[in-house]
Amino acid sequence: MIRRLAAAAVLGGAVALLGQSCPARAAELRVGLPDATTSLDPLFYVAGSNTQIALNIYDSLMRQDARQKLVPALATAWVPLDDITWDVTLRADVTFQDGTKFGPEDVIASIRHAATVQGSASSFKPYTAGIADMQVAGPGHVRIRTKAPWPLLPNDLSRISIIPRAQQDAPQSDFDGDKVVGTGPFRLVSWQRGASVVVARNPAYWGGAPAWEKVTFRSIADPGARVAALLAGDVDVIAAVPSDAQATVAAGRQAQVVGTEGNRLIYLHLDSNREVTPFARDAAGQPLPHNPLKDARVRRALSLALNRTALVERVMSGQGSPAGQFMPAGYFGYDPTIPAPAYDVAQARKLLAEAGYPDGFFLTLHGPNDRYPNDAKLLQAIAQQFTRIGVKTAVDALPGASFFTRASKLEFSAIMGGAAIETGEPTGILNPLLATYDAAKGAGTGNRGRWSNAQFDALLAQAYRTFDNPAREALLQQASRVAVQDVGVIPVLFLEQSWGLRHGFTYAPRSDGYTLAIDVKAAK
């Protein structure tokens, strides 16, 4: 549905531009975002709300384009010299926003900061954990040696923002005010925690000075309020147009909707590790003596209970696609032999009976109520579908800040979460969600179900060492099949990304959902 709206909106916007002059506030851009920034240290916490702002202020060595393909940024070339050694050529004549010159030492300091930052519940360490050492290799070159063959090092380094070398050991609290210094298109003006981030044009930006003199990113968590702000002209662009408002926005004269298929997977994680799990209970409300979610047949039954097509059409108003694996179609690593599971209540009941639960059991499903589009509604719909197969499911939807903290402490039995494919290829989701948890190695950092499968881990490890792209893709597809068959995670659906723009503004949609001010254009 969003693609049809987008096409109509683009046509409508093009017609509107013919009769409009430049928007009155062309020197200033105002953006409404659904999430608040929690830290301006770009390497403190892996969260889309933080990364989005960081991408406007900082650069990485390699950048991901709108479809997450790698393109040069602060690095102009990256070449493997052998299986464990990379030579990275840096862009010349780049300066930080405080006027200091960018060089190899800043790259090394940034990678070390990402690996050693303290107090983060979701650190960037997995993107750097395989690095053995780094050294300056002459003017404008960094030599990176890895512990083992690491063909995906460039993809992982695309997630690492480059900070000045002086901030290598800086605590999170130091990243505020004039201490927020990047090489990106905009520099920080102010940050009101939970409310707004204001940035100004960086006239010395190596990629060319942005069109906007000033950009204000406002946090507007309520979807209705975000749409109202757009239609009232209080903001020029909003991200994540709610599905039930897209047709209304696109049909009006004030604004248009653009969108694209997204890379964020909505999934269910089930406690498949503990002998007793806290929210799987008997009819008396007591924890079951044996955790039913440890049994793959029960996990498979819950997957078959999901009518994914109905969830997309009725809960998401068509703004998504059913998921049966971890990559959307068209991405590297997508496996066309893995369809979304067919909705099958009879087979689900049969599997429950085989597992020893002919009468089902009671389960509480936890998730956020303010993090993803329609998340609370989606939780309720999933619970109703589970209940139809005899797993009587209650819902506890919590504010995201509380939910994710508690989920990381393994307080729940079944959770709904979302994961974006941050590196543009499967390891960016297979490792954090499904690898056997190992904090020291940075593996399974988001594996809140603690699923563990030796065959999967071996395939993933082999893929990490394989430089040949077709061979690596085959290994990742095989790993995905293992995870799907053993139901390490239940894929539910892929979200679609959408933006609302006042007429006279355009934006090329990104599959990662990020709003980059430099790519918002206004009529001239």
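Here are some notes:
- Residue ID - farthest from Gly446 (Cα to Cα), chosen from residues in the range 367-394 that are of a type in the set (Val, Ile, Thr) and buried (at least 20 other Cβ atoms within 10 Å of the Cβ): Ile389
- Scanning the range 470-479 for residues that are free of Cβ contacts under 8 Å to residues at least 12 places away in the same chain and either part of a strand (DSSP E or B) or of a type outside the set (A, V, I, L, M, F, W, C) (or both) gives a single hit, Pro470.
- Evaluating Ser303 against the criteria (1) under 24 Å from Pro432 (Cβ atoms); (2) more than 26 Å from the chain's Cα centre (by Cα); (3) among the polar types (S, T, N, Q) leaves one unmet condition, (2).
- Considering residues of the range 97-122 that are out of contact with any strand residue (DSSP E or B) (no Cβ under 8 Å at 6 or more places or on another chain) and crowded, with 22+ Cβ neighbours inside 10 Å only, the residue farthest from Lys441 (Cα to Cα): Asp106
- Residue that is farthest from Asp93 (Cα to Cα), among those in the range 125-146 that are in contact with a Ser or Thr (Cβ under 9 Å, 6 or more places away or on another chain) and in a loop (DSSP other than H, G, I, E, B): Gly130
- Of all residues making up the range 384-399, the number that are touching a residue at least 60 places away in the same chain (Cβ under 8 Å) and either assigned to a strand (DSSP E or B) or more than 24 Å from Glu313 (Cα to Cα) (or both): 1
- Complete set of residues in the range 440-453 that are farther than 25 Å from Ala323 by Cβ and out of contact with any helix residue (DSSP H, G or I) (no Cβ under 9 Å at 6 or more places or on another chain): Ala440
- Residue, surrounded by the fewest Cβ atoms within 10 Å (Cβ to Cβ), within the range 175-193, restricted to residues that are more than 18 Å from Thr515 (Cβ to Cβ) and in contact (Cβ under 8 Å) with a residue 24 or more places away in the chain: Asp178
- Some residue of the range 118-131 being among the charged types (D, E, K, R) and without any contact (Cβ under 8 Å) to a residue 24 or more places away in the chain: no
- Residues (among the polar types (S, T, N, Q), surrounded by 17 or more Cβ atoms within 10 Å (Cβ to Cβ) and part of a loop (DSSP other than H, G, I, E, B)) located in the range 274-321: Thr277, Asn291, Asn307, Ser317, Gln319
- Qualifying positions in the range 79-128 - under 19 Å from Ala170 (Cα atoms) and of a type in the set (Ser, Thr, Tyr): Thr100, Ser110, Thr116, Ser120, Ser122, Ser123, Thr128
- Of everything listed in (1) more than 30 Å from Asp271 (Cβ to Cβ); (2) surrounded by 21 or more Cβ atoms within 10 Å (Cβ to Cβ); (3) of a type in the set (A, V, I, L, M); (4) touching a helix residue (DSSP H, G or I) at 6+ places or on another chain (Cβ under 6 Å), the single unmet condition for Leu459 is (1).
- Inspection of the range 236-251 identifies at least one residue that is of a type in the set (A, V, I, L, M), modelled with pLDDT under 90, surrounded by fewer than 19 Cβ atoms within 10 Å (Cβ to Cβ) and within 23 Å of Phe494 (Cα to Cα).
- Single residue of Ala407, Ala348 found to be more than 28 Å from Tyr437 (Cα to Cα), at pLDDT 95 or above, of a type in the set (A, V, I, L, M) and in a helix (DSSP H, G or I): Ala348
- A count restricted to the range 197-238 and to residues that are touching a helix residue (DSSP H, G or I) at 6+ places or on another chain (Cβ under 8 Å) and aromatic (Phe, Trp, Tyr) stands at 2.
Rundown of residues vs (1) in a loop (DSSP other than H, G, I, E, B); (2) modelled with pLDDT under 95; (3) within 30 Å of Glu28 (Cβ to Cβ); (4) in contact with a Pro (Cβ under 7 Å, 6 or more places away or on another chain), yes/no style:
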| residue | (1), (2), (3), (4) |
| --- | --- |
| Arg450 | yes, no, no, no |
| Tyr464 | no, yes, no, no |
| Arg481 | no, no, no, no |
| Val484 | no, no, no, no |
| Pro491 | no, no, no, no |
| Ile518 | no, no, yes, yes |
| Lys524 | yes, yes, yes, no |
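- The listed residues are Gly500, Gly417, Gly428, and the only one of them that is among the small types (Gly, Ala, Ser), in a helix (DSSP H, G or I) and closer than 30 Å to Tyr58 by Cα turns out to be Gly428.
- Condition check for Asn453: in contact with a strand residue (DSSP E or B) (Cβ under 9 Å, 6 or more places away or on another chain), buried (at least 18 other Cβ atoms within 10 Å of the Cβ) and closer than 19 Å to Pro126 by Cβ: no
- Residues located in the range 322-361, provided they are on the phi > 0 side of the Ramachandran plot and surrounded by 19 or more Cβ atoms within 10 Å (Cβ to Cβ): Gly333, Gly360
- Looking across the range 68-94 at every residue that is over 27 Å from the mean Cα position of the chain (by Cα) and in a loop (DSSP other than H, G, I, E, B), the one that is surrounded by the fewest Cβ atoms within 10 Å (Cβ to Cβ) is identified as Asp93.
- Only listed residue being over 17 Å from the mean Cα position of the chain (by Cα), under 30 Å from Arg67 (Cα atoms) and at pLDDT 90 or above, chosen from Thr393, Thr436: Thr436
- Some residue of the range 362-383 being closer than 25 Å to Glu496 by Cβ, part of a strand (DSSP E or B), touching a residue at least 24 places away in the same chain (Cβ under 8 Å) and more than 23 Å from the chain's Cα centre (by Cα): no
- Taking the range 462-485 as the range and being of a type in the set (D, E, K, R) and surrounded by fewer than 22 Cβ atoms within 10 Å (Cβ to Cβ) as the test, the residues that pass are Arg465, Asp468, Glu473, Arg481.
- Assessment of the range 21-40 against the conditions (part of a loop (DSSP other than H, G, I, E, B), closer than 27 Å to Phe332 by Cα, at pLDDT 90 or above and not charged (D, E, K, R)) yields no matching residue.
The values are calculated or read from the model by the stated rules, or taken from the named source; none is laboratory data. Small disclaimer: the values here were computed from a predicted structure and weren't measured. For neighbour counting, all protein chains shown are included, and Cβ atoms are generated from backbone atoms with ideal geometry for every residue, glycine included.
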